[in-house]
Amino acid sequence: TSVFRVVTFNFALTQGKYKGSSFCLLGRNPIFTNPRELAIVGGTGAFRFSRGYAILKTYYMDMQTGASTIVEYDVYIRHY
């Protein structure tokens with residue numbers, strides 16, 4: 001059986017060239033599949049109208065409590 005959730009993430013950048021901008025990930029997140037992919041569906045500031053994808057890979061998940069999880073995000077984004 002597959003466990004998944006539909007998720008949205010908003011990443012706000014707080015330093016550097018893109019400070020004050022953000023982008024949003026959206027999609028089905030099958031948590032036991034490595035790697036998996038989520039879509040970039042837009043953003044604000046420098047990332048307005050952006051598109052792309054993120055590859056997620058889970059390195060650790062506390063199966064007892066679910067309180068701790070380590071996930072790597074490789075983000076590929078096109079912005080104008």
For the range 15-39, pairs from a residue that is closer than 20 Å to S50 by Cβ to a residue that is acidic (D, E), with Cβ under 8 Å and 6 or more apart or across chains, are G27/E37
Exception for N10 within (1) in a strand (DSSP E or B); (2) surrounded by 13 or more Cβ atoms within 10 Å (Cβ to Cβ); (3) not small (G, A, S) falls at (2)
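Per-residue answers, yes or no, for (1) at pLDDT below 90; (2) hydroxyl-bearing (S, T, Y):
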{"site": "F32", "(1), (2)": "yes, no"}
{"site": "R36", "(1), (2)": "no, no"}
{"site": "G45", "(1), (2)": "no, no"}
{"site": "R51", "(1), (2)": "no, no"}
{"site": "A54", "(1), (2)": "no, no"}
{"site": "M63", "(1), (2)": "yes, no"}
{"site": "I70", "(1), (2)": "no, no"}
{"site": "Y76", "(1), (2)": "no, yes"}
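The values are calculated or read from the model by the stated rules, or taken from the named source; none is laboratory data. What you see is a predicted model; the values in this text were computed from it and never measured. Cβ coordinates were reconstructed from backbone atoms using ideal geometry, including for glycine residues, and neighbour counts include every protein chain displayed.
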